[in-house]
Structures are given as structure tokens and as C-alpha cells.
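The values are calculated or read from the model by the stated rules, or taken from the named source; none is laboratory data. Small disclaimer: the values here were computed from a predicted structure and weren't measured. Glycine gets a Cβ as well: all are built from the backbone with ideal geometry, and neighbour counts include every protein chain shown. In case anyone asks, the SASA skips ligands and DNA or RNA and just uses the protein heavy atoms, side chains included. Shrake-Rupley method; radii C 1.70, N 1.55, O 1.52, S 1.80 Å.
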Amino acid sequence: MNKIYLDHAATTPVHPEVIQAMLPYYTDFYGNPSSVYSAAQKAAAAVAEARESVARLIGAAQPQEIIFTSGGTEADNLAIKGVAMARANQGKHIITSAIEHHAVLHSCQDLEKYFGFEVTYLDVDQKGLVNPAELEKAIRADTILVTIMLANNEIGTIEPIKELGKITRNKNICFHTDAVQAIGQIPVDVNDLGVDLLSLSAHKFNGPKGIGALYLRRGTRIVPQMSGGAQERRQRAGTENIPGIVGLGKAAQLAGLNLSKKMEQTRRLRDKLIRGIETKIDRVILNGPRDDRRLPNNVHFCFRYIEGESILLNLDMLGIAASSGSACTSGSLDPSHVLLAIGHPHEIAHGSLRLTLGLNNSEEDIEQVIQVLPGIIGKIREMSPLYDG
Ligand code: PLP
């Protein structure tokens, strides 16, 4: 086991109170909530309570606006394909950004490839920000959906969703945001943001894996992507994952507690880590903004003359878990699409390191990383034929 875990953007440990809340729904109240006997009704009541907790966390007017899904990926698919299919008779143009998570990008690409939709991928600036003026320019008479993430999973950029939402609302275009990385890190209010749909995932904020939700504003129509029973008000068929839903509800309650204090503490650790790396290592590039438009728990650097994977292996040998920021699921050596979109050439994009903070990280963890990282980078650079010392 790694002693220092700094990969909370990938997933988080489940909070002990979340586990406690979930256990009775495995051992005692395992009934199917569609059944009539009392153990099943206890499960149904727990689902209702969790729905309220999630609605409260994101400022939804009604619990019925929350649809439970198997996670962030399914919520993104349901939002994008669901709206596209419901509105296809009004137009077949969708706008997104070049730095979305693959759950969004590949959903859009599926619609292009199999269903004849057209998608505009907005460029971002060097900090990863979408420009509202660019969105305005990209909108066409047949635009039916805009989907832009609230916070980027690699470089931590927080997008100007509120401003973008004003534009879509004026034009009566559906607006979805992937808030998977933002929930639990910053305040999220669907009415303040002006979004019609929002995706979230429990395992990113100390809840269990395999459970998430889609916020669907009342009156917004989607075509369900799962056919079957009448669960989730006929929007998402399938027997409910009761322990998962209960865990998501509990994690949502905990995420809302003392959020501003937690943000302040996390920001302090984040800034200490950024300062430490920048003062002790040369030729580094901090990716993403330096101000309030950066997630409080995100640190993301590119190191020149370095291959990111080798940093990770060296850190792991010292008990530190980190990430390069992009998941090379296909085993390909393609650099991150996010780093290319903010303007890095391939050789710089390959030298990335993402450190994301969470629940149990301490001042000592940060000091330890600042102490060992310069040696690791120095050692790897010594082996690079391009490094001139
Ligand atoms: N969207 C973003 C921004 C993410 O970071 C992730 C997970 O990495 C997802 C969607 C997918 O969520 P899940 O792992 O719950 O399917």
C-alpha cells in the first residue's frame, strides 16, 4: 500500500461513515425496493433520502430531478445521447470543448459516427479556459445541446459555466455540465450555474465506486438509454444499487459539511506543493490557472526532458501514489488531449505529473513529496540525451 496517496482525481477512499451507512443495506435491508414487504420499503425509503441529500448538495429544486446512474460515465452518456435523441427533430448540432473527459468526447463522437450529428469542439486557451465569446460564435440555428465540463480532471481548470449558461439560456439551448471533478471540491448549485443537466460520481468524493447521478432539470426531456423496468421515473431502468445509492447520499451529506473550511485547507496544501516544486526544480511548467479558477486540490506540472511514467514509478517505489493526469487505457503512447489542446508540443505533454489532494493528506505528505521529487527528476534528466544540465 502507498503511504502517501495523491491521486484523488482518479478515485478517493470511501469515508468510514459512508461504509457504516451502506452496510445494513447488504446485511438486513437487501429487499428490492419495488417489492411490498417492509424490508424492501426500508430500502425504498433510503433511496428517497439519498435522493434528497444529492438534490440538497447541488441546489436542485426537487429530489425527483436526480436520476441515479452507475457513475459519471453513464450520467454523461445519458445526458448527451438522451438530449440528442429527444431533440433530433429540432436540430443535430452539438457544441462541446476539446478538453472534456472521454465519457463526453466519445459520446459526442458516437453521435457523429452513428446518428449523423455534427459536433463543434471548442478550443481552450493556455490555461484550459473556454471563451464564452467562442461559444456564442459557434451556436447555429440547429444547435440543440452544449456540454462543457465544470472542472477539468487533468489540469484542474474551472470553466466559466455561469457565463456560458447565460448564453445557452438566451438561445433556448440545452446545457449539460460534467461536474464529476467539482463536486466536493467547490460549491455547486445548478440554478446559480444555469445548467439543465449535470453529471456527478460518488467515488470522486469519498463515496463508493459504480454509483453516480444525473441532475435533470424539470421539464428537460431525454430519451432513456437503458430499456427495461420503470425505475428512476422511467429514465433509467434496472434494479437500484441500494447500498451504492445510500453511500452516495451519505457522501453528499459529508461533502456539503464545512466546505469552505475544507477548501481553504486544501488550497493551502496545494499552494505549498506548487511553491515547493517551483522553487526546487527548474524548467517546470504549471498547467492550469493559478487563481480561483483552479480546483483547490489540483497540482499539475510538466517537466521538460522527462517521461511522466518514469516519475510515477520512482514515486511509487517511495510509497507515493500519483498520476500523469491522463489515463492511457488503450496502452497507446498518445499524449494527453488536454495538454495538446492547451498548446504543448508532444515532448512536453509527455512529461506530466498530476498530484491531487484529499481527505487524509497532511502537511508532512506535502513536505515529503517536495523533498524527494527534485532527486527523482534530476536522476531521470541525467539519462535524457536532450538534457543539457
Ligand atoms: N467525467 C470526469 C471529468 C471524470 O474525471 C470522470 C472519472 O475519471 C468521469 C467523468 C467518469 O466517471 P466514472 O468513473 O464514475 O464513470
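Data overview
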read-out	value
Any hit, the stretch 229-237, residues being without any contact (Cβ under 8 Å) to a residue 24 or more places away in the chain, more than 13 Å from E65 (Cβ to Cβ), open to solvent by 20 Å² or more (accessible area, probe 1.4 Å) and not acidic (D, E)	yes
The stretch 165-183, residues that are surrounded by fewer than 24 Cβ atoms within 10 Å (Cβ to Cβ) and closer than 29 Å to S323 by Cβ	none
Set V190, V146, V195: member being away from the ligand (no atom under 11 Å from the Cβ), of a type in the set (A, V, I, L, M) and closer than 25 Å to H337 by Cα	V146
Inter-residue pairs, beta-carbon under 7 Å, first in contact (Cβ under 8 Å) with a residue 12 or more places away in the chain and in the stretch 204-217, second among the aromatic types (F, W, Y) and more than 10 Å from the ligand (Cβ to nearest atom), 6+ apart	I211/F68; A213/F68
Count of the stretch 208-237 residues which are part of a loop (DSSP other than H, G, I, E, B) and within 10 Å of the ligand (Cβ to nearest atom)	3
Qualifying residue in the stretch 149-164 (condition: exposed (fewer than 14 other Cβ atoms within 10 Å of the Cβ), more than 12 Å from the ligand (Cβ to nearest atom) and not aromatic (F, W, Y))	yes
Selection from the stretch 305-322 of residues that are closer than 19 Å to R275 by Cβ and open to solvent by 10 Å² or more (accessible area, probe 1.4 Å)	A322
Residue within the stretch 302-315 that is under 24 Å from R270 (Cβ atoms), part of a strand (DSSP E or B) and modelled with pLDDT of 95 or more present	yes
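Here is a yes/no grid of residues against (1) open to solvent by less than 20 Å² (accessible area, probe 1.4 Å); (2) more than 18 Å from the chain's Cα centre (by Cα); (3) hydroxyl-bearing (S, T, Y):
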residue	(1), (2), (3)
T27	no, yes, yes
V47	yes, yes, no
A50	yes, yes, no
A75	yes, no, no
K81	no, yes, no
A86	yes, yes, no
H93	yes, yes, no
